[in-house]
Amino acid sequence: MNEESTAQGATRREFLKAGGVGALLLAGGGAAAGAFLQGPRPAAAVPTSHQPAIKGVVKKRFAASDGFIVLPNLPPEAQHPVTGDPALFVFGFMDVTAGTTNANTALSKATSLAKGKISNPAPLLFIGEDFELQVQLFNVGFKNRPDLTDGHTIHWHGFRNAIALFDGVPEVSIGVPAQRGFPYAYRPRDAGTYMYHCHFEDVEHVTMGMTGIVFVRPNQDGTPLGGFTKFAYNDGDGSTGYQREFALLLTDLMSTQHIGSLAVQEFVWTDFKQDYWQINSRVYPDTIRPNGPQIVTGGNPYLTALKASQPLSSLIQMNAGERGLLRFANLGYDQAAMKLDGIPMTVVGEDATLLRGAGGADLTYDTNTIYIAPGESRDALFTAPAFQAAGALSDSKGSYNRYVLKNRVYHKLTNNGQVTDGSMPGTIAGLGGQATEVRVYPAGTLGTQTSPNQTYVGPGLNQ
Ligand SMILES: [Cu+2]
């Protein structure tokens, strides 16, 4: 049965020819009207193409709470209340799936694991098309603001098929009160890059850090096409294929607002003026440090804190000749203009939609600057240029050519007005903020990517 079919075996075109919806109801007769009263219509009455089989279920448990992040050059008032170290108060989500296997004690376990200890951004989520994603959210309350009893939600931002109950807008669905849990379920039908965030008092909760990227892998994945086995979309020709993918969440914040929140100071939102612009909740040069578990602490309290609070690297490491997919999502409050100097990017998707027009017209475009408004996403492909030995730099992985990916707005390349001095090995003096690096190594240097944003650096970059 295809989309043109109905329960009665006649095609939709024939019904339209016979008089449209009125004729459909008449043709359906009493049985259809009765079904509405008695419950769901028989399965055969629904076109099968509208209800593809669920391929599997991905189960997660998330906690919502507060915590602290670290950034260079924080104002002196930004202190961790226990250690006194520089730290900025945030809200956020934490994946507690591994620690909360017993459903009966999950809330108390989530509380002990996450309360006051969450990280930013929210955990990176990805799922295959036609799988079901189940996220049990526990609102474990705030450790550092016990006077607040804010609810939290998960809003699946950009999904076409969200059910209102699971949409996370508390005014029209369900907010999760403190000390309660709620099971979210979602069946993604369309591949692409999306985002998710808390929608409870969302202006505050979003800038406080309750933001993350979720992407949906296409059904086409795993089928060799055009020399690739991984794809951004169901393109049918391999044109969105890639070897390595990188999720880049763009956000911004005003440190004074966070400091005031911890000190129980009301914030006047018309005064909002950012002093940090981040990628995956870090600023340059922290953006190029490896993923959290690999960062050597070395007794440095700042790096110890960074590893725990902002574990996701934005370093883009490529073998020469490979194709990379950049999954940009903007949940900041400004438009972002992300520029990759020296490598053209091809935008193949906007807002989780393959850029194809009527009749399959190719609407993709090449650019060196990608403009992304708040709440939007872009999927951009690029090919790592040939390795050039002349002028190459080196890190613990070997020799590489460096390209800079940065917001072209100059004042967003600072960390509260400061730039890095370049003393960290391999970093660019004079740069900060919403910037990261693409490092291109000779072909064959890096192994196959096994997880998004994978980093391949050893101790050399950890100092
Ligand atoms: Cu919230």
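The values are calculated or read from the model by the stated rules, or taken from the named source; none is laboratory data. Keep in mind it's a predicted model, so treat the numbers as computed, not measured. Don't worry about glycine lacking a Cβ; one is built from the backbone with ideal geometry, like all the others, and counts go over all protein chains shown. These area figures cover heavy atoms from the full protein model, side chains too; ligands, DNA and RNA do not enter into them. Shrake-Rupley method; radii C 1.70, N 1.55, O 1.52, S 1.80 Å.
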Under DSSP H, which helices of the chain have Cα atoms covering 15 Å or more of the helix axis and a Kyte-Doolittle average no less than 0.5? 20-38
For a quick check: with amide H placed at 1.01 Å from N, whose amide H comes under 5 Å from Glu350's, ignoring anything fewer than 5 positions away on the same chain? Leu355, Asp379
For Glu201, the accessible surface traced by a 1.4 Å probe with all protein chains present amounts, in square angstrom to the nearest 10, to 100 Å²
Cα-centred dipole magnitude for region 305-463, charges only on beta-carbon of K, R (+1) and D, E (-1), debye, nearest 20: 260 debye
Relative contact order computed over region 130-259 (Cα-Cα under 8 Å; 6+ residues apart), in percent: 20 percent
Once you order the gyration tensor axes a ≥ b ≥ c over the Cα atoms, which shape class does the chain get: rounded for a/c under 1.5, otherwise prolate or oblate by comparing a/b with b/c? oblate
Taking the Cβ of Lys59 as the centre, find all other residues whose Cβ is under 13 Å away and add up their charges (Lys, Arg: +1; Asp, Glu: -1). 0
Residue span Ala103 to Glu204: 0.36 nm per residue of separation minus Cα-Cα distance leaves a gain in nm of 33.3 nm
Karplus (6.51, -1.76, 1.60) ³J(HN,Hα), θ = phi - 60°, over region 181-193, in Hz, Gly and Pro reported as x: x, 8, x, 8, 9, 8, 10, x, 10, 10, 5, x, 9
Amide H to amide H under 5 Å from Ser173: which residues, 5+ apart in sequence or cross-chain, H placed 1.01 Å off N in plane? none
Which lysines, if any, have their Cα less than 30 Å from the Cα of Lys307, not counting same-chain residues under 8 positions apart? Lys59, Lys60, Lys109, Lys115, Lys117, Lys143, Lys230, Lys273, Lys339, Lys397, Lys406, Lys412
With a 1.4 angstrom probe the carbon and sulfur portion of accessible area for region 305-362, in percent, totals 52 percent
With every protein chain kept in place and a 1.4 Å probe, region 180-334 has an accessible area per residue in Å² of 32 Å²
Computed FRET efficiency, Cβ-Cβ of Ser451 and Thr83, R0 45 Å: what is it to the nearest 0.05? 0.90
As a check on your grasp of the helix formula, calculate [θ] at 222 nm for the chain: sum -39500 (n - 2.57) over DSSP H runs of n ≥ 4, divide by the residue count, round to the nearest 500. -3500 deg cm²/dmol
